[in-house]
Amino acid sequence: MVMMARATVLALLKALMISVFAGWVALWILKPTEMWTRKWKGAEDSARGTVFGYYGLNFAVYTFPIIALAIIGSLYLSDTASSAISRQRKTSVSALSYPIIVNSLVGILSVVEILGILMFVIFLAWTFYCRISHDFEHLMPIKSLKLSIWQLKYLRVATRFGLLAEASLALLFLPILRVMPVLRLLGIQFEASVRYHTWLGTAMILFATFHGASTLLIWGVSHVIQDEVWKWQKTGRIYLAGEIALVLGIVIWITSLPFIRRKQFEIFYYTHHLYTVFILFYLFHAGDRHFYMVFPGIFLFGLDKLLRIIQSRPYTCLLSAKVLPCEAIELTLPKDPKLKYSPTSVVFMNVPRISKLQWHAFSITSSSNVQEDTMSLMIKCEGWWTSSLCRLITEELNSDTHRTECIRVAIEGPYGPSTVDFLRYDSMLLIAGGIGITPYLSILQEIVSAQGSSRYKFPEKIQLIHVVKRSQEMSLLSSISHILRNQSLGKLHLKLKVYVTREEQPDAAARVLQDALSQGQIVHFDAKATSYAVHGFDKPTVLAAILGIASILFFVLLICFNHIFVPSEKKAGTLKPKGADSQTKSPSWVVDLILVSCFVISVVVSMTVALMLRWKRIKKAVPPTSPKKAGGFTEPSSTEPNDPLQEHEVHYGGRPNFQDIFTKFPNETGGSDFGVLVCGPESMKESVAKSLQQIGRGCGAKRRSKFTFHSLNFTL
């Protein structure tokens with residue numbers, strides 16, 4: 001009965017989410033039409049005479065649906081977190097993740113992604129067509145500008161491109177939500193959705209640049225550019241605010257380009273925080289009516305950001321670190337035993353001794369079912385920030401003191417998949433390049449710990465392909481050396497194939513893997529300063545409550561402040577004729593500031609509630625484990641005559657032939673449903689995806705084996 005009731009609740013929540021999302025999409029589709037424009041003006045005029053006003057109506061119709069979707073989604077994930085997902089659910093949609101387009105410019109695109117892009121492009125074309133066709137039918141000369149017909153039409157085209165930028169901005173913040181369950185409801189994790197944010201940001205900047213540059217061009221042709229460009233109008237769209245927003249947007253976009261982000265991360269990081277100023281000036285330029293369309297993503301992102309700040313405090317301390325010979329370190333942190341996370345989860349880490357503002361993402365290499373009171377991270381010493389951290393660890397390791405000084409860190413997360421559904425195959429092929437091995441360390445430990453469990457069914461045969469430049473990088477596998485040595489762990493059979501690309505085969509090749517797994521120096525830190533463990537986020541039900549408080553409070557404040565500071569609004573519905581300006585007594589930017597003030601107050605109040613709940617939870621928490629009990633690193637046992645490591649393969653002097661591997665893999669492992677997980681450089685992912693495409697085209701319908709492609713990220 002309990003399971004049936006839970007299934008019913010989940011079905012109702014899912015149906016409600018689908019209905020809300022479908023209604024929100026329908027609004028965007030109908031909004032450009034003349035029918036909706038007439039109906040909506042009538043609805044706004046009717047609402048003016050009520051206590052809600054037009055502003056309450058706009059918020060309820062345009063903004064609240066996505067907030068409601070996040071609230072319902074939190075409740076839905078709260079129920080699904082404790083229930084296993086059937087295997088049939090994976091196989092029914094596995095074909096949708098198959099790589100269709102493999103290109104160095106756009107990356108790897110699946111069927112779902114192509115369909116999503118196509119629908120968005122069609123929507124943009126529909127919006128532009130509806131707006132511009134209406135404009136051309138009712139083309140009216142502008143008194144302040146002496147324009148010819150083609151110039152007037154070009155100006156209308158430029159104006160409508162601003163609406164395309166608005167549509168891109170409406171979705172811009174949704175892919176980078178880490179706490180709020182919006183894209184996670186579709187099974188898309190944060191580290192995978194960052195590129196959607198990049199695509200939307202690029203589209204927004206292109207549309208906005210055409211919108212702004214074309215408008216300036218028309219002003220220049222009319223010889224009024226000096227008068228118009230500095231205008232801060234009392235009512236209507238404020239031109240100067242739009243120009244400032246455009247300049248800020250271009251600066252943010254340029255500094256986020258890959259060649260700047262990778263080489264000058266600090267420039268990218270700090271300029272990206274100009275988004276707050278960009279949003280403010282966009283509001284002044286577009287006005288509150290247009291802002292309600294893009295406000296859902298901004299509202300959720302603001303709460304998301306503050307919840308992450310609260311969750312990452314107070315600081316904790318490293319328990320221990322293992323320095324590997326391949327310029328990598330494995331860190332052990334204290335964790336609340338109640339904190340559970342899925343394999344492939346990531347955390348964001350901040351080290352105040354290096355930078356108080358910079359946060360960097362790293363994969364968790366441990367399993368919460370194996371290490372109950374600690375978690376482990378693997379970090380490659382590349383770039384300024386990670387090299388500085390490695391230098392701190394090395395200095396502590398080389399110090400003469402018996403107990404090294406604590407290194408304080410702030411941890412945000414973990415973020416990971418809500419289910420382990422992507423691991424349920426007959427057999428799995430795990431392909432990693434260098435430090436890309438990190439997600440697989442947690443996957444393998446999770447699978448071993450679940451051997452014999454009736455709740456989860458994991459593959460029994462796994463092949464791990466690790467491509468490295470130097471043999472020293474095989475030491476990255478040290479945390480799973482006990483798995484590699486013991487092939488009788490339940491029913492699991494793991495086959496390791498290492499490809500060392502920049503070295504020739506040594507004389508004692510059989511001992512290279514054994515020596516690599518035995519290397520590494522461990523440093524333990526002072527545990528006296530460690531009074532706090534990583535707790536993770538509160539339950540999804542608590543998140544739903546905080547969202548509800550913030551949205552309701554915002555709605556109430558919006559109504560109250562507008563009635564207090566813009567009293568002419570209520571009278572406008574009865575005393576002024578239809579279509580008359582209802583904001584003649586107050587500048588339009590006053591209404592915009594009211595909206596901002598309501599948002600700030602509602603967020604502050606809801607975050608106060610979240611902070612109180614956070615500290616209450618911390619006081620009840622179990623103190624962190626001492627380094628002696630932390631474990632985390634298990635040194636391999638002494639060599640035996642028949643060392644199981646000899647069953648694994650180490651190849652030198654070349655890269656793996658993925659097409660050949662895919663051809664042989666079904667015969668080596670058995671089964672018909674295979675999962676292919678790839679984590680490493682983009683060039684490796686593209687090579688694997690192209691090999692899968694060639695296998696699919698070459699075998700055609702005769703082949704019964706089915707490969708499902710998954711791309712993982714070890715960092716952001």
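The values are calculated or read from the model by the stated rules, or taken from the named source; none is laboratory data. Quick caveat: nothing in here was measured; it's all calculated off a predicted structure. Positions of Cβ are backbone-derived with ideal geometry, glycine not excepted, and every protein chain shown enters the neighbour counts. In case anyone asks, the SASA skips ligands and DNA or RNA and just uses the protein heavy atoms, side chains included. Shrake-Rupley method; radii C 1.70, N 1.55, O 1.52, S 1.80 Å.
Quick check: at a probe of 1.4 Å, how many percent of the accessible area of the chain sits on carbon and sulfur atoms? Could the numbers behind the result be given before it?
Values: 20550 of 33220 Å².
Here it works out to 62 percent.
Given Cβ point charges of +1 (Lys, Arg) and -1 (Asp, Glu) and nothing else, what value in debye, to the nearest 20, does the dipole of segment 250-367 about its Cα centre take?
180
In Å, what Kirkwood hydrodynamic radius results for segment 157-197 from the alpha-carbon pair distances? Intermediate values should be presented prior to the final figure.
Numbers: mean 1/r = 0.0893 Å⁻¹.
After inverting the mean inverse Cα-Cα distance, the result is 11.2 Å.
If eta is 0.692 mPa s and T is 37 °C, what Stokes-Einstein diffusion coefficient results for segment 199-339, Kirkwood Rh from Cα pairs, in µm²/s?
On the way: Rh = 18.8 Å.
Rounded to a whole number, D works out at 174 µm²/s.
For K664, list the aspartates and glutamates whose Cα falls under 18 Å from its own Cα; do not include residues on the same chain fewer than 8 positions away.
D426, E460, E647, E649, D673
What value does segment 289-368 have for Rg/Rh, both radii from Cα atoms and Rh as Kirkwood defines it? Write down the numbers at each step before the final one.
Working: Rg = 16.9 Å, Rh = 15.6 Å.
For segment 289-368, the value is 1.08.
Sorted from largest to smallest, which semi-axis lengths in Å does the alpha carbon gyration tensor of the chain give for its equivalent ellipsoid, taking the root of 5 times each eigenvalue? Don't skip to the answer; put the middle values down first.
Details: eigenvalues 516, 166, 130 Å².
With the √(5λ) rule applied to the chain, the semi-axes are 51, 29, 26 Å.
Under 12 Å from the Cβ of T159, count the other residues' Cβ atoms, weight Lys and Arg +1, Asp and Glu -1, and hand me the total. Write out the running numbers ahead of the final one.
Working: positive: R131, K153, R156, R160, R237; negative: D135, E166.
Combined, the nearby Lys, Arg, Asp and Glu give +3.
If the limit is 32 Å between Cα atoms, which of K491/K685; K263/K495; K338/K690; K31/K690 go over it? Mind dumping the intermediate values first?
Numbers: K491/K685 30 Å; K263/K495 37 Å; K338/K690 42 Å; K31/K690 41 Å.
Checking Cα-Cα distances, K263/K495; K338/K690; K31/K690 exceed 32 Å.
So what is the 222 nm mean residue ellipticity for the chain from helices alone, if each DSSP H run of at least 4 adds -39500 (n - 2.57) and you divide by all residues, rounding to the nearest 500 deg cm²/dmol?
Working: 24 runs with 370 residues, N = 716.
Estimated from H runs of four or more residues: -17000 deg cm²/dmol.
Which aspartates and glutamates, if any, have their Cα less than 12 Å from the Cα of K539, not counting same-chain residues under 8 positions apart?
Straight-line reach from K539, under 12 Å: D79.
Send over a whole-number figure in Å² for the accessible area per residue of the chain, probe 1.4 Å.
Working: 33220 Å² over 716 residues.
On a per-residue basis, 46 Å².
Roughly how big is segment 107-235's charge dipole about its Cα centre, with Cβ charges of +1 (Lys, Arg) and -1 (Asp, Glu), in debye to the nearest 20?
With Lys and Arg at +1 and Asp and Glu at -1, about 240 debye.
Apply the Karplus curve 6.51 cos²θ - 1.76 cosθ + 1.60, θ = phi - 60°, to the phi angles in segment 13-25 and return the couplings in whole Hz, x for Gly and Pro.
Residue by residue, segment 13-25 yields 5, 5, 4, 5, 5, 4, 5, 5, 5, 4, x, 5, 5 Hz.
Hey, can you grab everything whose amide H is under 5 Å from the amide H of V409? Only 5+ residues off in sequence or another chain; H modelled, so Pro and N-termini drop out.
Those lying under 5 Å, H to H, from V409 are T316, C317, L318.
What is the sum of charges, Lys and Arg at +1 and Asp and Glu at -1, for the other residues whose Cβ falls under 14 Å from the Cβ of L593?
Working: positive: K234; negative: D288, D592.
That sum, taken over residues with Cβ under 14 Å, equals -1.
Strictly greater than 17 Å: what percent of every Cα pair in segment 351-484 meets that?
Working: 6029 of 8911 pairs.
Everything past 17 Å amounts to 68 percent.
Using only the alpha carbons of segment 175-244, what is the convex hull's orientation-averaged projected area in square nanometres?
6.6
Could you give me D for segment 121-165, from Stokes-Einstein at 10 °C and 1.306 mPa s, where the hydrodynamic radius is the Kirkwood radius over C-alpha pairs? Units µm² s⁻¹, please. Write out the running numbers ahead of the final one.
Values: Rh = 11.1 Å.
Value of D from the Cα-based Kirkwood radius: 143 µm²/s.
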